[in-house]
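The structure appears right after this line, and notes come after that.
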Amino acid sequence: MTLDEKLPIFIIITLLPVFAVAYYLHPRIAEMEWSPLVVSGILAASSLVLLISDYFSRKSKAIYDWNWYGALVVGVVQATAIIPGWDYLTSILIVALFFNFRRDAATKFAYFVLTPLLLTHAIYFLKDIDFHSPSPMPDLSWFSLAIATIVSFAVSLLTIGGFMKHVQQNGMRQYVLYRWALAIGVCVVTWYRS
């Protein structure tokens, strides 16, 4: 089978644990109260794991080297993204780099997996929109919603392209620094408000 034939199978294998965990555990996780300090600690710790996996990865595998086992491990680790502060992209990158994939292969596979996942999230939240009314939500017109969707889509494509080029050239260091700065910012704001 070619990569085009295998990739949808790998994506499905990756998404099964994510959907199973989200279905069974999301209500319980959502009911828990997460301190901003705990979330920022998880954010900083996951960034450190990403930095370590990027540093020690041999980066010898390409996108066509993915197999069902790697996809399943990505799915299991990605399912932990239900915890606040841990995210889908970082979990995929950690596993891919741990399996010695090149940065471009890791990032491409991450976005291949994230596309149906984010689409599912979007469809889930569309249930709050009333398609039969003159406006989809209070204080929001259909025109505003359409413009926001188009702008978000265009900005997302530019961001994905820029992130992939940046990661290939510079590695994960600056992405990790951004996440650490965010974690420190959350701690500072929490301390200031208390």
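For region 139-193, the set of residues classified as basic (Lys, Arg) and surrounded by 14 or more Cβ atoms within 10 Å (Cβ to Cβ) consists of ARG179 only. Inspection of region 127-148 identifies no residue that is assigned to a helix (DSSP H, G or I), under 23 Å from GLY75 (Cα atoms) and not aromatic (Phe, Trp, Tyr). The one condition from (1) touching a strand residue (DSSP E or B) at 6+ places or on another chain (Cβ under 9 Å); (2) free of Cβ contacts under 8 Å to residues at least 24 places away in the same chain that VAL77 does not meet is (1).
Of the set (1) over 30 Å from VAL49 (Cα atoms); (2) among the basic types (Lys, Arg); (3) in contact with a Ser or Thr (Cβ under 7 Å, 6 or more places away or on another chain), all apply to LYS127 but (3). Just one of (1) modelled with pLDDT under 95; (2) under 28 Å from GLN174 (Cα atoms); (3) part of a helix (DSSP H, G or I); (4) touching a helix residue (DSSP H, G or I) at 6+ places or on another chain (Cβ under 7 Å) fails for PRO84. It is (3). Taking VAL95 as the residue in question, decide whether it is assigned to a helix (DSSP H, G or I) and touching a Gly at 6+ places or on another chain (Cβ under 8 Å). Criteria met by VAL95. Of the residues making up region 65-88, those that are among the aromatic types (Phe, Trp, Tyr) and within 12 Å of the chain's Cα centre (by Cα) number 2. Taking region 25-44 as the range and being assigned to a helix (DSSP H, G or I), free of Cβ contacts under 8 Å to residues at least 12 places away in the same chain and among the hydrophobic types (A, V, I, L, M, F, W, C) as the test, only ALA30 passes.
The values are calculated or read from the model by the stated rules, or taken from the named source; none is laboratory data. Just so it is clear, the model here is predicted, and its values are computed rather than measured. Every residue, glycine as well, gets a Cβ built from its backbone with ideal geometry; the counts of neighbours run over all protein chains shown.
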